[in-house]
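Here the structure comes first, spelled out in structure tokens, and everything after it is commentary.
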């Protein structure tokens, strides 16, 4: 983050705008909306700026800019078409440690004026740090179109209850859960449809119920984070990620996805990794129960989909036995996500009528597969977490009778910027992967559909 977002109370404080034209007018109107007392300095003023004095606390100073004009100001905006004047304003402000904004000249600014979506008291500020005003404008338009028209009335309604909620619900967690219950219930829709009295009634009833019970019930969200690209998260996953108090996440959850979690949530890594000390599954199960029983909203964040080699069923069984409420959010599993980003369709009417998902981390005496059944015609095989087990997989399949020329693709860190795809044949792929020095996690796809990558590859 290059700039610190901040909302600043300048009501009844003296601010200075240098400039007398259209750009200065826009900045002046913005500052006046925030309640500033304004001095505008310029050698001449447009009629529109002159008219500001009729209904606003504005003083026009008809003069060339002097550093003395900044005395006792709390901020200054330079909005002239003269580079020398703008530079002088910036220098004078910096000498006084005075926040300064120079329109369209970010290198002279100590703060940036954001694009604003104003639904006061709700205000959304958007900035690209001066790098792309057009992008900023487009994001603003997106927010303008999606925010409900009456959201300002909802904000005022909630604000009118803050004091009594704090008085009647003494526990912070209880208050937080109460407000979330309000916002996820019918109150917002009542306000948006103009039924504000009904919204008052419902909100009052909810507050009474919360005061009567005085308890906080914990819950667990079992969420699939997908194969790595945060753009592949579902909308429901994002919503629950923003609600969670505690996050237990796996090794396969990418840093980019973790950045989408609520910033103040407690985060604990409970991932497993080959040949390294890992958190036992029984420990993870108990952590989920303990946090939920303490009244926490627990996000169990798993790479891919939690029900495909994710042991999600084991964790939910423990929660069900402990009578802990939970929600399940499926994710895009690694097979579909990585295959799509590698340009390999898992099924195709000319090459594969079925697909099998298989564990790739094979251990002596465990997960022994029926290798002969994997030789069926027009079938795609997908092996998860297969980097270490790849030599064994290839050897077993060739011993079972699979042709050494069977096309194979090994995908490193699929859907992410570090994605790397190695394509070869069953008999040679192990050496190719070794030479390419691929890093986990990897996914292996075997079948004639791999031939389509040359034609369909797009992400590379």
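Within segment 390-416, work out how many residues are within 16 Å of residue 335 (Cβ to Cβ) and free of Cβ contacts under 8 Å to residues at least 40 places away in the same chain.
Counting residues in segment 390-416 that are within 16 Å of residue 335 (Cβ to Cβ) and free of Cβ contacts under 8 Å to residues at least 40 places away in the same chain gives 2.
Kindly provide the set of residues from segment 249-265 that are farther than 18 Å from residue 309 by Cα and either assigned to a loop (DSSP other than H, G, I, E, B) or out of contact with any helix residue (DSSP H, G or I) (no Cβ under 8 Å at 6 or more places or on another chain) (or both), ordered by number.
Result: 255, 258, 259, 260, 261, 262, 263, 264, 265.
Surrounded by 11 or more Cβ atoms within 10 Å (Cβ to Cβ) and part of a loop (DSSP other than H, G, I, E, B): is that true of residue 130 in this structure? Full working, then the answer.
Working: surrounded by 11 or more Cβ atoms within 10 Å (Cβ to Cβ): yes; part of a loop (DSSP other than H, G, I, E, B): yes.
So residue 130 fits the description; yes.
Return only the number of the condition from (1) outside any loop (DSSP other than H, G, I, E, B); (2) buried (at least 19 other Cβ atoms within 10 Å of the Cβ) that residue 290 does not satisfy.
Status for residue 290: all satisfied but (2).
Hey, any hits in segment 167-184 for a residue that's outside any helix (DSSP H, G or I), at pLDDT below 90 and not assigned by TED's automatic domain parsing to the domain that holds residue 108? Break it down stepwise before answering.
From segment 167-184, those outside any helix (DSSP H, G or I) are 169-171; that's our starting set.
Subset that is at pLDDT below 90: 170-171.
After this cut, where a residue has to be not assigned by TED's automatic domain parsing to the domain that holds residue 108 as well, the list is 170-171.
The answer is yes, given that some residue of segment 167-184 is outside any helix (DSSP H, G or I), at pLDDT below 90 and not assigned by TED's automatic domain parsing to the domain that holds residue 108.
Name the residues in segment 194-209 that are farther than 13 Å from residue 158 by Cα and in contact (Cβ under 8 Å) with a residue 24 or more places away in the chain, would you?
194, the sole residue that qualifies.
For the list (1) in contact with a strand residue (DSSP E or B) (Cβ under 9 Å, 6 or more places away or on another chain); (2) surrounded by fewer than 14 Cβ atoms within 10 Å (Cβ to Cβ), I need the number of the one condition that residue 51 fails.
Among (1) in contact with a strand residue (DSSP E or B) (Cβ under 9 Å, 6 or more places away or on another chain); (2) surrounded by fewer than 14 Cβ atoms within 10 Å (Cβ to Cβ), residue 51 violates only (1).
Restricted to segment 231-253, and to residues that are farther than 27 Å from residue 177 by Cβ and surrounded by fewer than 19 Cβ atoms within 10 Å (Cβ to Cβ), which residue is farthest from the chain's Cα centre (by Cα)? Spell out the reasoning first.
Within segment 231-253, the subset farther than 27 Å from residue 177 by Cβ is 231-232, 251-252.
From what is left, the residues that are surrounded by fewer than 19 Cβ atoms within 10 Å (Cβ to Cβ) are 231, 251.
Numbers: 231: 9, 251: 18 Å.
Here the residue is 251.
Looking at residue 276, is it at negative phi, modelled with pLDDT under 95 and touching a helix residue (DSSP H, G or I) at 6+ places or on another chain (Cβ under 9 Å)?
Values: at negative phi: yes; modelled with pLDDT under 95: yes; touching a helix residue (DSSP H, G or I) at 6+ places or on another chain (Cβ under 9 Å): no.
No: the conditions fail for residue 276.
If a residue counts only when it is in the same structural domain as residue 270 (by TED's automatic domain parsing), touching a strand residue (DSSP E or B) at 6+ places or on another chain (Cβ under 7 Å) and over 24 Å from residue 414 (Cβ atoms), which strands (runs of 3 or more DSSP E) contained entirely in segment 299-403 have at least 2 such residues? Spell out the reasoning first.
Details: elements: 326-329, 354-359, 379-384.
Fully inside segment 299-403 and qualifying: 326-329.
Only residues that are more than 28 Å from the chain's Cα centre (by Cα) and surrounded by 16 or more Cβ atoms within 10 Å (Cβ to Cβ): list them for segment 158-170, please.
Once the filter is applied, which keeps residues that are more than 28 Å from the chain's Cα centre (by Cα) and surrounded by 16 or more Cβ atoms within 10 Å (Cβ to Cβ), segment 158-170 yields 161, 165, 168, 169.
Tell me which residues, restricted to segment 326-347, are over 21 Å from residue 422 (Cα atoms) and touching a helix residue (DSSP H, G or I) at 6+ places or on another chain (Cβ under 8 Å). Explain how you work it out, then say what you get.
Going through segment 326-347, the residues over 21 Å from residue 422 (Cα atoms) turn out to be 326-332.
Correct list: 326, 327, 328, 329, 331, 332.
Among the strands (runs of 3 or more DSSP E) contained in segment 1-68, which hold 1 or more residues that are more than 42 Å from the chain's Cα centre (by Cα)? I'd like the intermediate steps shown before the answer.
Details: elements: 14-18, 37-42, 58-62.
Answer list for segment 1-68: 37-42, 58-62.
Can you find even one residue in segment 415-424 that is assigned to a helix (DSSP H, G or I), surrounded by 17 or more Cβ atoms within 10 Å (Cβ to Cβ) and in contact with a helix residue (DSSP H, G or I) (Cβ under 8 Å, 6 or more places away or on another chain)?
First, the residues of segment 415-424 that are assigned to a helix (DSSP H, G or I): none.
No, every residue in segment 415-424 fails to be assigned to a helix (DSSP H, G or I), surrounded by 17 or more Cβ atoms within 10 Å (Cβ to Cβ) and in contact with a helix residue (DSSP H, G or I) (Cβ under 8 Å, 6 or more places away or on another chain).
The values are calculated or read from the model by the stated rules, or taken from the named source; none is laboratory data. Not measured: the values here are computed from a predicted model. Quick reminder, even Gly has a Cβ in these numbers, built from the backbone with ideal geometry, and neighbours come from all protein chains shown.
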